[in-house]
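Have a look at the structure below before the remarks.
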There are 2 protein chains.
Amino acid sequence: VVKVVVKRIIKEGNVEEVIKLYGQLVEATRKEEGCIKYELFQDEKKPEVLAMIEEWESKEHLEKHLNSEHIKTIGPMIAQHTQNSEFNIYNKLI
Amino acid sequence: VVKVVVKRIIKEGNVEEVIKLYGQLVEATRKEEGCIKYELFQDEKKPEVLAMIEEWESKEHLEKHLNSEHIKTIGPMIAQHTQNSEFNIYNKLI
């Protein structure tokens, strides 16, 4: 199992638009093979901080997702509204 | 449900020690009331990047945890080995 956390700081005034775009992305991604979890979170105090927390059956499933049509079209639209982002792929230790 | 992500960059040479300390913390924390998940992850390419990903039944349970004896004793020991950290409390959007 592979865990992914994508943390973004969204540009001022663009949060609602990004959440809408994520709505489309979530719908398409959850249908993908190997997708265990794909959930969007918002910081309780800083609404401009969003985190997508993902769980994939394998690295191969994740890579297929990163090359999917919906990531290639919606990904750059989200990136355009993003001020700063961190992408980490994690393995579980404990 | 409240999601917490604590991301840490550990000082060089201290990762093994921090993982041991987290071992103790995980054991004690998973026994706490309201703790749904409390899992430690390591970046697949940067071993000095650790993430504790947590799930709590409520904000009150999380606050009780943050004031627990094990956090008060082990927390500062982990912090001492930490170069940089981010703590976010998230609410689920989608």
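The values are calculated or read from the model by the stated rules, or taken from the named source; none is laboratory data. Bear in mind the structure is a predicted one, so any value in this text is a computation, not a measurement. Cβ atoms come from the backbone with ideal geometry, glycine included; neighbour counts cover every protein chain shown. Only protein heavy atoms, including side chains, enter the accessible area calculation; ligands, DNA and RNA are left aside. Shrake-Rupley method; radii C 1.70, N 1.55, O 1.52, S 1.80 Å.
May I ask you to report, in nm to one decimal and beginning with the shortest, the distances from A:Phe87 to the same position in the other copies, taking label points 7 Å along Cα-to-Cβ?
Label point to label point, same position, other copies: 3.0 nm.
May I ask you to give the solvent-accessible area per residue for chain A, in square angstrom, as obtained with a 1.4 angstrom probe? Before the final figure, lay out each step's value.
Details: 4950 Å² over 94 residues.
On a per-residue basis, chain A sits at 53 Å².
How large is the charge dipole for chain B, taken about the Cα centre, if only the Cβ atoms of Lys, Arg (+1) and Asp, Glu (-1) carry charge, to the nearest 20 debye?
It works out to roughly 140 debye.
When Lys and Arg each count +1 and Asp and Glu each count -1, what net charge do the other residues less than 14 Å away from B:Glu27, Cβ to Cβ, add up to?
Taking every Cβ under 14 Å from that of B:Glu27, the sum is 0.
What range in chain B is the longest one free of trypsin sites (Lys or Arg not before Pro) that are in a loop by DSSP and have at most 10 other Cβ atoms within 10 angstrom?
Between the exposed loop sites, the longest stretch runs B:46-94.
Rounded to the nearest 100 Å², what is the buried accessible area between B and A, both sides summed, probe 1.4 Å? Walk me through the numbers before you get to the answer.
Working: alone 6350 and 6340 Å², together 9900 Å².
What B and A bury together is about 2800 Å².
About the Cα centre of the protein assembly as shown, what is the dipole size in debye to 20, counting +1 per Lys and Arg Cβ and -1 per Asp and Glu Cβ, all else neutral?
Around 160 debye, computed over the protein assembly as shown.
Averaged across the residues of A:45-57, what count of C-beta atoms belonging to other chains lies within 10 Å of each residue's C-beta? Working shown, then result.
Values: counts 2, 2, 2, 0, 3, 2, 6, 2, 6, 0, 0, 0, 0.
Other-chain Cβ atoms within 10 Å of each residue's Cβ, averaged: 2.
Please compute the average number of Cβ atoms from other chains found within 10 Å of each residue's Cβ in peptide A:84-90.
Mean partner-chain Cβ count within 10 Å for A:84-90: 4.
Could you check the spin-label model distance between B:Glu27 and A:Glu57? Points 7 Å from the Cα along Cα→Cβ, value in nm.
Simple spin-label model gives 3.5 nm for this pair.
Starting from the Cα of A:Met77, step 7 Å along the direction of its Cβ; do the same at B:Phe87; then give the gap between the two resulting points in nm.
A separation of 3.7 nm, rounded to one decimal place.
So what is the relative contact order for chain B, in percent, with contacts set as C-alpha pairs under 8 Å and at least six apart?
48
List the extent of the Cα atoms of the protein assembly as shown along each of their three principal axes, largest first, rounded to whole Å.
47, 33, 27
Nearest 20 debye, what's the magnitude of the dipole of region B:18-60 about its Cα centre given +1 on Lys and Arg Cβ and -1 on Asp and Glu Cβ?
With only Lys, Arg, Asp and Glu charged at Cβ, the dipole is about 200 debye.
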